[in-house]
Amino acid sequence: MANSSTGRAAAAIPLPPRTRSAGAEHGAASGRPEVSRRVVAATVAGNAIEFYDFTTYAFFAVYIGKTFFPASTPFMSLLLSVAVFGVGFVTRPLGGVLIGALADRAGRKPAMLLTIALIVVGTLGLALTPSYDSIGLAAPVIVVLCRLIQGLALGGEVGPSTSYLIEVAPPGRRGLYGSWQLASQGLAALVAGIIGVLLTLSLSPEQMLSWGWRLPFLLGSVLIFVAVFLRRHMPESLDMDDGRARAAAQPRPRLRNYVRPALLGVLVVIGGTVSTYVSMYMTSYAIVTLKLTPVVGMLATVTYGLVTWLGSLLGGWLSDRYGRKPVVLWPRVALAVLTLPAFLLLLEHTNLATLGR
């Protein structure tokens with residue numbers, strides 16, 4: 001997750017030299033600083049689908065653990081499954097650096113198309129890998145490789161997609177447009193949660209364990225082709241010729257000048273990311289630890305997705321109106337103060353209403 005705060009944090013980063021909005025000419029001609037809705041939709045849809053493919057693993061970790069990581073107890077099986085979910089984060093920084101550099105050299109659009117290709121490989125691999133009972137140790141090995149590929153793809157997706165949204169944003173709306181990066185993550189969780197609820201209501205526990213959990217991954221793989229179609233027709237937002245000319249005319253920037261803002265940015269993103277993935281784990285936590293039904297666990301995912309989607313857009317709008325710092329700071333303070341009481345309340349009153357809060 002990336003970066004649960006990536007959309008808002010990135011909105012405060014200065015644009016590259018004379019990056020040109022994809023809708024700037026249209027805005028100049030019509031007098032309105034607007035861009036095509038299709039351009040924004042293509043970016044958001046691709047990002048949402050990639051996050052859907054990556055995070056769906058967390059929502060179905062219980063079933064994945066039993067399928068690929070048999071252990072002496074269901075809890076140990078879940079721990080192994082969650083550990084492999086974390087494996088995807090090993091390659092995310094690498095994807096961010098490599099594919100981010102590609103986005104600066106070749107453009108945002110090629111970078112985003114590459115991430116889609118990688119996520120297809122990882123997601124289809126997860127959906128089609130036979131169980132441990134069928135092929136033995138090869139099954140968890142393949143799953144780990146698929147997670148590494150997914151992590152590489154998602155790490156490379158966040159930077160270019162966020163940059164693109166900010167670069168095509170009209171004046172005074174960079175925060176709102178950039179917030180769609182995180183809002184799309186909320187949409188991904190919302191859709192995954194709805195699908196999870198429908199599956200758990202329609203299938204028996206045995207069917208869910210046997211093949212039902214694979215359906216969301218197969219659906220995500222199909223939806224990827226929609227994102228490819230949309231992104232192929234996106235205009236490029238980075239004016240590379242002008243950027244190179246200006247870079248050549250200016251002294252080479254020194255890395256030490258950017259250490260402090262980069263470190264602060266990373267810390268801001270880490271804070272939001274931790275809370276994001278704790279929220280994603282709540283489905284498994286509800287089923288395994290709190291002993292709630294799978295339907296209730298999936299409904300927690302639906303709530304998380306809905307709140308993330310709407311809250312992100314609200315935060316982006318507020319950041320354009322009141323500035324980036326207060327919008328980034330005060331939610332973090334509230335999160336630090338309320339997290340422990342919220343968990344204690346959940347343990348005291350274990351039910352859907354408390355879990356959804």
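Observations
- Boolean, S77 is open to solvent by less than 20 Å² (accessible area, probe 1.4 Å) and at pLDDT below 85: yes
- Residue within the range 7-14 that is closer than 27 Å to L118 by Cβ and either modelled with pLDDT of 50 or more or under 12 Å from the mean Cα position of the chain (by Cα) (or both) present: yes
- Enumeration of residues in the range 81-101 that are of a type in the set (A, V, I, L, M, F, W, C), crowded, with 18+ Cβ neighbours inside 10 Å and either modelled with pLDDT of 90 or more or more than 19 Å from the chain's Cα centre (by Cα) (or both): I99
- Residues that are open to solvent by 10 Å² or more (accessible area, probe 1.4 Å) and β-branched (V, I, T) were ranked within the range 140-155; the one that is nearest to L118 (Cα to Cα) is I149.
- Taken over the range 42-74, the residue count meeting the criterion of being within 22 Å of Q150 (Cα to Cα), open to solvent by 20 Å² or more (accessible area, probe 1.4 Å) and out of contact with any helix residue (DSSP H, G or I) (no Cβ under 6 Å at 6 or more places or on another chain) is 0.
- L292 surrounded by fewer than 18 Cβ atoms within 10 Å (Cβ to Cβ) and either within 27 Å of V197 (Cβ to Cβ) or not charged (D, E, K, R) (or both): no
- Test: residue in the range 225-233 that is under 20 Å from the mean Cα position of the chain (by Cα), open to solvent by less than 70 Å² (accessible area, probe 1.4 Å) and at pLDDT 90 or above: no
- Boolean, T308 is surrounded by 20 or more Cβ atoms within 10 Å (Cβ to Cβ), polar (S, T, N, Q) and under 30 Å from G172 (Cβ atoms): yes
The values are calculated or read from the model by the stated rules, or taken from the named source; none is laboratory data. In this text the structure is predicted, and so the values were computed from the model without any measurement. Glycine also receives a Cβ, built like all others from the backbone with ideal geometry; neighbour counts cover every protein chain displayed. Ligands, DNA and RNA are stripped out before the accessible areas are found, and what is left, the full protein with its side chains, is counted by its heavy atoms. Shrake-Rupley method; radii C 1.70, N 1.55, O 1.52, S 1.80 Å.
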